[in-house]
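Here, each number is a calculation from the coordinates, and none is a lab measurement. A quick note: this is a predicted structure, and the numbers were derived from the prediction, not measured. Glycine also receives a Cβ, built like all others from the backbone with ideal geometry; neighbour counts cover every protein chain displayed.
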Amino acid sequence: MNIDILLTGGTLPNGQTADIAIQGDRIAAIAPEITADPETVGEIIDISGDLVSPPFVDPHFHMDATLSHGLPRINTSGTLLEGIALWGELKPLLTEETVLDRALTYCDWAVSMGLLAIRSHVDTSDETALVGVRALLEARERVKPYLDLQLVAFPQDGFFRAPKAKDITLQALDMGVDVVGGIPHFERTMEDGRRSVTELCEIAAERGLLVDMHCDETDDPMSRHIEQLTYETQRLGLQGRVTGSHLTSMHSMDTYYVSKLLPLIAEAQVSAIANPLINITIQGRHDTYPKRRGMTRVPEMLAQGIRVAWGQDCVLDPWYPLGTADMLDVAFMGVHVAQMTSPAALRQGFEMATTAPAAILGLTDLGLAVGKRASLVVLDAADPIEALRLRPDRLLVVSKGKVVARKERRDTDLALPGRPASVNRRRPRR
Ligand SMILES: [Zn+2]
């Protein structure tokens, strides 16, 4: 057979060694050894001993705000609420060109890290936000050959609280934004929050769209919009199509109530996204000590069979002064905060940055299997646990059958008496 790219000797996430043959934009074969006449192979790439994984997927991001850190000023309190106010100051200053330029730059970073699909919320609170909507719709088209960008209509200032948010959110959906979002905990009252969940889910049901709401991103144990979200999911028959993002109030909720809540989330097949880097830095800001960490109850949800993924949320924006587009940074923080340190839990922590978020986005075409889309990443690590530990270089990134990023392996030269001339931090083989 004609093979465009043949990867030899890679280690799959399950530990098996395999060759992978790529034809066009598809994975044509995966086998312990693929023999082919070199004449019929476009390129043979030796990846012996390196982990080959499905691409990273970020299910929760804000691309309209990314790389704007410091504009027009920085967030001095570090809180969610000052970040929202700061974003309100920045929005009237945005142009389509600058938002598009920053989005495309971020996508370059993403590709270099093997991050090939991103779900980004885009503000739909008022007319000024439409600049971001238009810019990200353009960005979605520009990156389509190599990155899946899915957009969520997100009335950041409140679906009812901001006077134009409903009109602008509907307009954004008419313009082609993919998913319905919301922010019930930011509405004026608990009751308005509840109504916003109901109305937004009805809009999604009418239009046949997915739902992903910022839900209960607060330290208030009484913020319980996730309960309403599971109720509306059941009532409207949206099972499997709805996601609750953040769910940080669950960190502070009464444990008896959580024992009722988790089965409701599981029954409605609502997915959950924790954003560990952001949750750990934004939540608990009003506490003295002990200081709550804010991240939702990840291991407990996994134990209930709820689909949970890690999201990046922010990189260099009004809410977060750090970030690199590396989903392994996100997963690394996540497994620490969630205390997921057993071998099985660490492997699950890796999947929460690859296959689990792909399922939330509905990207059924991703994965290392014959016939699936030829999108993958090769890491300078032996297995998923080592990848989490090292957050290593991405040696090769293939998207839709094309090599889109490469990096040379580079050990550190040493000048030590009686020691080797170079070192890397991979685990010594026994
Ligand atoms: Zn967010």
With x for Gly and Pro, the residue-by-residue ³J(HN,Hα) of segment 374-391, computed from phi through the Karplus equation 6.51 cos²θ - 1.76 cosθ + 1.60 at θ = phi - 60° and given in whole Hz, is 7, 10, 7, 9, 10, 10, 7, 7, 7, 7, x, 5, 5, 4, 5, 5, 8, 6
Over all viewing directions the Cα convex hull of the chain casts an average projected area in nm² of 23.2
Please state the Cα pair-distance histogram of segment 268-348 with 5 angstrom bins from zero: what percent is in each bin? 3, 15, 23, 24, 18, 12, 5, 0
Can you give the extra length, in nm with one decimal, that the chain gains between Gln171 and Arg134 once fully stretched, where that is 0.36 nm per residue apart less the Cα-Cα distance? 12.2 nm
Please work out the Cα center distance from segment 34-70 to segment 370-389, rounded to the nearest Å. 8
For segment 93-109, in residue order, the Karplus 3J(HN,Hα) values (coefficients 6.51, -1.76, 1.60; θ = phi - 60°; whole Hz; Gly and Pro = x) are 8, 6, 10, 4, 5, 5, 5, 4, 4, 5, 5, 5, 4, 4, 5, 4, 4
Could you identify which residue out of Asp411, Asp126, Asp365 has the top mean-square fluctuation in a GNM of the chain using Cα springs shorter than 10 Å? Asp411
Excluding Gln23 itself, calculate the net charge of residues whose Cβ lies under 14 Å from the Cβ of Gln23, where each Lys or Arg counts +1 and each Asp or Glu counts -1. +1
Can you give me the angle between helix 130-143 and the longest principal axis of the chain, using Cα atoms only, in degrees from 0 to 90, rounded to the nearest 10? 20
Scan the chain and report its longest stretch carrying no GluC sites (Glu not before Pro) that are both in a DSSP loop and have at most 16 other Cβ atoms within 10 Å. 34-407
For the chain, find the longest principal axis of its Cα atoms and tell me its angle to the long axis of helix 255-267, 0 to 90°, nearest 10. 70
For the chain, set up a GNM with springs between Cα atoms under 10 Å and report which of Val99, Val133, Val41 has the largest fluctuation. Val41
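Give me the net charge for the shell around Tyr257: Cβ to Cβ below 15 angstrom, other residues only, Lys and Arg +1, Asp and Glu -1.
-2
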Quick check on the chain: helices-only [θ] at 222 nm, where DSSP H runs of length 4 and up contribute -39,500 (n - 2.57) each and the sum goes over total residues. Nearest 500, please. -10000 deg cm²/dmol
5 angstrom amide H check on Gln23, placed H, neighbours 5+ away: Asp4, Ala28
Give me a comma-separated list of calculated 3J(HN,Hα) values for segment 196-201, in order, Karplus coefficients 6.51, -1.76, 1.60 applied at θ = phi - 60°, integers in Hz, x for any Gly or Pro. 5, 4, 4, 5, 5, 5
Once each part is reduced to its C-alpha centroid, what is the distance from segment 163-228 to segment 258-327 in angstrom? 18
Treat every Asp and Glu Cβ in segment 316-430 as -1 and every Lys and Arg Cβ as +1, leave all other atoms uncharged, and give the resulting dipole magnitude about the Cα centre to the nearest 20 debye. 460
Amide H to amide H under 5 Å from Asp148: which residues, 5+ apart in sequence or cross-chain, H placed 1.01 Å off N in plane? Ala117, Ile118
Shape verdict for segment 299-392, please, from the Cα gyration tensor: rounded (a/c under 1.5), prolate (a/b greater than b/c) or oblate. rounded
Just the Kirkwood number for segment 166-264, please: inverse of mean 1/r across all distinct Cα pairs, in Å, one decimal. 13.7
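Calculate the dipole size of the chain relative to its Cα centre from +1 charges on Lys and Arg beta carbons and -1 charges on Asp and Glu beta carbons; express the result in debye to the nearest 20.
That gives the chain a dipole magnitude of about 1060 debye.
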Taking every other residue with Cβ under 15 Å from the Cβ of Arg195 and scoring Lys and Arg +1, Asp and Glu -1, one gets -1
Picking from Gln150, Gln228, Gln304, which is most flexible by a Gaussian network model of the chain using Cα springs under 10 Å? Gln304
Determine the shape class of segment 45-138: with a ≥ b ≥ c the square roots of the Cα gyration tensor eigenvalues, call it rounded for a/c under 1.5, and otherwise prolate if a/b is greater than b/c, oblate otherwise. prolate
In degrees, nearest 10, range 0 to 90: what is the angle between the Cα axis of helix 225-235 and the longest Cα principal axis of the chain? 80
Label-to-label distance, nm, for residues given as Arg426 and Asp393 (7 Å Cα→Cβ offset): 1.2
